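The values are calculated or read from the model by the stated rules, or taken from the named source; none is laboratory data. Bear in mind that the values here come from a model prediction, so they are computed numbers and not experimental data. Cβ: placed from backbone, ideal geometry, glycine included. Neighbour counts: every protein chain shown. Ligands, DNA and RNA are excluded from the accessible area calculation, which covers all protein heavy atoms including side chains. Shrake-Rupley method; radii C 1.70, N 1.55, O 1.52, S 1.80 Å.
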Amino acid sequence: MVELKNVDVHYKDGGRNGVDALNEVNLRINDGEFVFIVGNSGAGKSTLLKLLMREIVPTSGRVFVNGYNLSKLKGRKIPYFRRSIGMIFQDFRLIPNLTVYENVAFVLRVTDRSNKYIRQRVPYVLNLVKLSDKAKFYPGQLSGGEQQRVAIARAFASDPGLIIADEPTGNIDPELSYEIVELLKDINRCGTTVIMVTHEHDLVKYFGGRIIKLKNGSVVNDTYIGGSDEGE
Amino acid sequence: MKGSNFSYLVKQGVVSVWHNRMMSFASFCIMMVSLLLIGLSVLIAMDINIVIGSAEEKNEVLVYVDYKTDQTTLNHIEDVIRSNDNVSNVVFYSADEAWADKQEEMSRYSSEYSKLFEYLDENPMPHTFKVTIADLTRINTTAEQFRSIEGIESVTAPYDYATFLVSMRTTLGLIGGAVLIALIVVCVVIVYNATRTSVFSRRKEISIMKYVGATNSFIKIPFFIEGMFIGVLAGAASWGLTKLAYEAVVSFFSEDITLWQVLGLANLIPFESVTWIVLGLNCLAGALLGALGTVFSMGKHLKV
């Protein structure tokens, strides 16, 4: 579960005023939901994600993710909190000198899983994203869509309760974007909460669901819409 | 941490040397040259110290005693001289030996001198104690102590020679120390910058590791191993270069036998006698520089 209570984030810019990135944000995302977060540049989407990843702490208010109170989380506990979420980035952020298999296995190594478990789990998630035949490839040898599928496999490998996707379709061909979101929807159907930040309105309209719109650091709309894919 | 994970991290460290071979090679070269300069400087400084030390050992304070002095008094004087804490060696040179040597020496110049000796009723030479001083900086005090012994006629000491050697040792010691410290500081800064550049080029990789929940120690271990591995290789390579350079320096000086003898270069440290120490210290210094340099360079990038 994700919950923000009266969250303000104020960036100091070195001058007298600074910037208000988020104002009095109240938000609750329940387990198992699939949520789109939309908004223009400067709306506060990146700040919201930084809060959820515990890259920053709020100036005031409280942030709860997967049972962790992020406002009070100590630095040395952050890695353990991050293991409870899976991150997907616009620029994939795969480790370039590790193969596809090793990139996915890396998160399991981090969580101190046994070699036996890794040998079973990695082929399983690579099969889910249909990349079993590319296991020995390096990220540089893959297309953008394939790299993003590796990133999804990596995010899902440790079976986290929450996956946060930051513009996951931003760097790939439009026709592949639907495939990526479909993959995230499949993961969501397995019970994992998915928060996807995007500015692609066509995708949001197509898939529908809960849409949270940010503007000037505030939630201006939190609604459900029906998607075009529902009948398919 | 599980053993399998630890061995994975060690393996990753070694494999990373190859994956980042350009930066690894740059770090390797910088560390190798740094260790070569430091190693060679230390060896040369040690040699200079030994050369000055051997020159110092050739000092001789001459303590003269009247030739009529009886054996008991001579024994007493020798005991007092030997009991001085600044004396490293004492050789007794009797008046009779001195007189015989003098006559032989003079006769070599002209046979006429031997006739002159017949006119002398008694031995004009004194008994002499040839004393080697341990600490030249105290030669004045020690000579004064000898003068105060009862029965001593006079004392001569190589004060200028001693002063020159002492000031040379002090000056060279200061210069050598300053050069060595400067060299170490410069090398540490260069190596630190090289490792920082290497780590900077992989900052994205570090941030990805942080995002997926890796602890700082989990991220640091492969970098630590990698830095240590490169450092040990650089240490071993610099050992080979130090050997070649040092032997070249020694052979350059040994070609000129006169210079060799004047400087007492027979005492120069043979590389074979320190080869394992140099190898060990080079590898240890390389490992420390590489490992700590890399880990300290990571600090900023771990704050994600």
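Structure notes:
- Cα-based helix-to-principal-axis angle, B:21-57 vs chain B, degrees rounded to 10: 10 degrees
- Here residue B:187 sits with roughly 10 square angstrom of accessible surface, probe radius 1.4 Å.
- Percent antiparallel among DSSP beta bridges (both partners in the protein assembly as shown, rounded to 5): 70 percent
- Test item: A:94-104 mean partner chain Cβ contacts at 10 Å: 3
- At 0.692 mPa s and 37 °C, Stokes D of the stretch A:1-138 from Kirkwood alpha-carbon radius, µm² per second: 188 µm²/s
- 0 to 90° range, to nearest 10: angle between helix B:271-298 axis and chain B longest Cα axis: 40 degrees
- Only Cα sites of the stretch A:57-152 enter the Debye sum here, all with the same form factor; the resulting log10 I(q)/I(0) across q = 0.12, 0.21 1/Å is -0.48, -1.03, listed in q order.
- Residue mean of other protein chain beta carbons inside 10 Å, B:18-26: 1
- Net charge of neighbours whose Cβ lies under 11 Å from the Cβ of residue B:85, counting Lys and Arg as +1 and Asp and Glu as -1: +1
- Whole-Å distance, taken between Cα centres, linking the stretch B:21-85 and the stretch A:111-139: 66 Å
- Kyte-Doolittle mean at least 0.0 and Cα axial length at least 15 Å: DSSP H helices in chain A: A:100-110
- Cross-link pairs beyond the 20 Å C-alpha cut-off, checked among A:116/B:204; A:5/A:45; A:72/A:213; A:12/B:204: A:116/B:204; A:72/A:213; A:12/B:204
- Count Lys and Arg as plus one, Asp and Glu as minus one, and take only other residues whose Cβ is under 13 Å from that of residue B:18; the net charge is then +1.
- Each principal axis of the Cα cloud of the stretch A:30-231 was taken in turn, and the coordinate range along them, longest first, works out to 46, 43, 28 Å.
- Exceedance of the 28 Å cut-off in Cα-Cα distance is limited, within the set A:134/B:303; A:130/A:205; A:77/A:185, to A:134/B:303; A:77/A:185.
- For the stretch A:16-94, the alpha-carbon radius of gyration amounts to 1.17 times the rule-of-thumb value 2.2 N^0.38 Å expected for a compact globular protein.
- Point-charge dipole on Cβ atoms (K/R +1, D/E -1) for chain A, about Cα centre, debye to 20: 1320 debye
- Expected 222 nm ellipticity per residue - DSSP helices of 4 or more, -39500 (n - 2.57), all of the protein assembly as shown, to 500: -18500 deg cm²/dmol
- Rounded percent of accessible protein surface that carbon and sulfur make up, the protein assembly as shown, 1.4 Å probe: 58 percent
- Chain B: radius of gyration over Cα atoms, expressed as a fraction of 2.2 N^0.38 Å: 1.63
- The DSSP beta bridges internal to the stretch A:30-231 are antiparallel in roughly 35% of cases.
- GluC sites (Glu not before Pro) within the stretch B:105-195: DSSP coil, no more than 12 neighbouring Cβ in 10 Å: B:122, B:150
- Dipole axis of the protein assembly as shown (+1 Lys, Arg; -1 Asp, Glu on Cβ), positive-most option in B:93, A:190, A:71: A:190
- Each Lys and Arg contributes +1 and each Asp and Glu -1, all at the Cβ; summed about the Cα centre of the stretch B:105-245, the dipole is approximately 1840 debye.
- Whole-Å semi-axes of the ellipsoid equivalent to the protein assembly as shown (Cα gyration tensor, √5λ, descending): 86, 24, 18
- Cα radius of gyration and Dmax for the stretch B:31-150 (Å): 21.7, 77
- Note on A:105-118: average number of Cβ atoms from other chains within 10 Å of each residue's Cβ is 4.
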